[in-house]
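The values are calculated or read from the model by the stated rules, or taken from the named source; none is laboratory data. Please read these numbers as outputs of a predicted model, since none were measured by experiment. Cβ: placed from backbone, ideal geometry, glycine included. Neighbour counts: every protein chain shown. These accessible areas exclude ligands, DNA and RNA; they are computed on the full protein's heavy atoms, side chains included. Shrake-Rupley method; radii C 1.70, N 1.55, O 1.52, S 1.80 Å.
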Amino acid sequence: MIMRKLSVLLIAAMALFSNAMYAQVADNNMFNHLGVGVSVGTDGIGFDVAAPIGNYVQARAGYTFIPSIKPTITVGYDRTKNGTKTHYEDDGQLTIKKGDFKILFDVYPFKKSNFRVTAGAFIGGSEIATLRNKGPLSGVETDEYGTAKISLNNAGTLEFGTDPEGNVKARVKVGGFKPYLGVGFGRSVPNKLVSVSCDLGVQFWGSPKAEVYDYNVIEELSGWREIKKDDFDKTYSKDEKDAYNGLKLLGNIVVYPTINVRVGFRAF
């Protein structure tokens, strides 16, 4: 139902864009000005250039990124050795980052109004977060690195191996191509030397996936393995319940909200 509504919104936006483009056929205001802009918001720090496509459409192209954020988190895991299961907790280095090229079309329904409807896409890497252990794992001895198996759940079904140096890595992935739909206020190509504009919209990046890398001494058998909420028994312990609820919430975040403020300059 949600995706159906999103599809209707995207179709409506494209129809509005098509009608606006049709109105430009006899218009002389085609790429005859250039604007540059710097923005900051939930999509990070952005840079772009913009040009008019007639009086009703302005196109923007640029790049936006979120500088790396590296909080330390505690990760719990189990290790079974000689028939005895032991629970360990170690510090992990979480790195959050996001970078995308963007192509956006601002459609102004009214020639002299600054209100706009924006459609386009953000295109970039699919990894938005990675996790690495900050030091040697407590449950793995040096001579076991690369062969030891550890588990993230009590059932032992979510088991994976470290790399030869004893490192564990995990990540969160989204779609690399993220359609965008939003509204805003302000001209991307200013009528004056400087202008301030804003955007409010969403990037459709799909359902995020959490994955852990399972290292095998046989390289061909190594690879990324998805961590699903159903891998955890939420009735067993608080840790497994928290993991279940966290993955459930993560899978439901199918859009990324974009709110930013842009300062634009008219180049010519």
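When mean projected area of the Cα convex hull in nm² is calculated directly from the model, which label among (1) 15.2; (2) 14.3; (3) 17.5 fits?
It is the value labelled (3).
Using the Cβ atoms and a cut-off under 15 Å, what net charge is assigned to the surroundings of ASP43, where Lys and Arg are +1 and Asp and Glu are -1?
+3
Express the accessible area of the chain per residue in Å², computed with a 1.4 Å probe while the remaining protein chains stay in the model.
With all protein chains present, the chain gives 54 Å² per residue.
Can you find, among ILE259, PHE204, LEU249, the residue sitting farthest towards the positive end of the charge dipole of segment 202-268, where Lys and Arg contribute +1 and Asp and Glu -1 at Cβ?
ILE259
If the cut-off is 27 Å between C-alpha atoms, which lysines fall inside it for LYS112, apart from same-chain ones fewer than 8 positions away?
Of all the lysines, those that pass the test against LYS112 - Cα under 27 Å, at least 8 places apart if same chain - are LYS102, LYS192.
Please list VAL189, VAL183 from largest to smallest accessible area, probe radius 1.4 Å, with all protein chains kept in place.
Sorted by accessible area, descending: VAL183, VAL189.
Convex hull over the Cα atoms of segment 85-202, averaged projected area in nm²?
Its average projected convex-hull area is 11.2 nm².
What does segment 134-230 give for Rg and for Dmax, in Å, if only its C-alpha atoms count?
Expressed in Å, the Cα Rg and Dmax of segment 134-230 come to 22.3, 68.
Taking K and R as +1 and D and E as -1, what net charge do the other residues with C-beta under 10 Å from the C-beta of GLN58 add up to?
+2
Taking segment 133-177, how much of its Cα-Cα pair set, in percent, is spaced more than 17 angstrom apart?
41
Given a cut-off of 24 Å, what percent of all Cα-Cα pairs of segment 21-114 lie beyond it?
Within segment 21-114, distances greater than 24 Å cover 52 percent of Cα pairs.
Could you give the dipole magnitude of the chain about its Cα centre, charging the beta-carbon of Lys and Arg +1 and that of Asp and Glu -1, in debye to the nearest 20?
Using only the charged Cβ atoms, the result is roughly 1560 debye.
Compute the signed sum of charges (Lys and Arg +1, Asp and Glu -1) over the other residues within less than 12 Å, Cβ to Cβ, of PHE265.
+3
Figure the gain on full extension for LEU94 and TYR236 (residue separation times 0.36 nm, minus the Cα-Cα span) and round it to one decimal in nm.
Here the answer is 48.5 nm.
Once both labels are modelled 7 Å past Cα along the beta-carbon direction, what's the ILE73-LYS248 spacing in nm?
About 1.8 nm, to one decimal.
Over the chain, calculate the relative contact order: mean separation of alpha carbon pairs under 8 Å at least 6 apart, over the residue count, as a percent.
Rounded, it is 19 percent for the chain.
Can you find, among GLY46, ALA129, VAL172, the residue farthest towards the positive end of the dipole of the chain? Put +1 on the C-beta of Lys and Arg, -1 on that of Asp and Glu.
GLY46
Taking the Cα centre of segment 183-241 as origin, work out the dipole magnitude from +1 charges on Lys and Arg Cβ and -1 charges on Asp and Glu Cβ, in debye rounded to 20.
Computed charge dipole of segment 183-241: roughly 660 debye.
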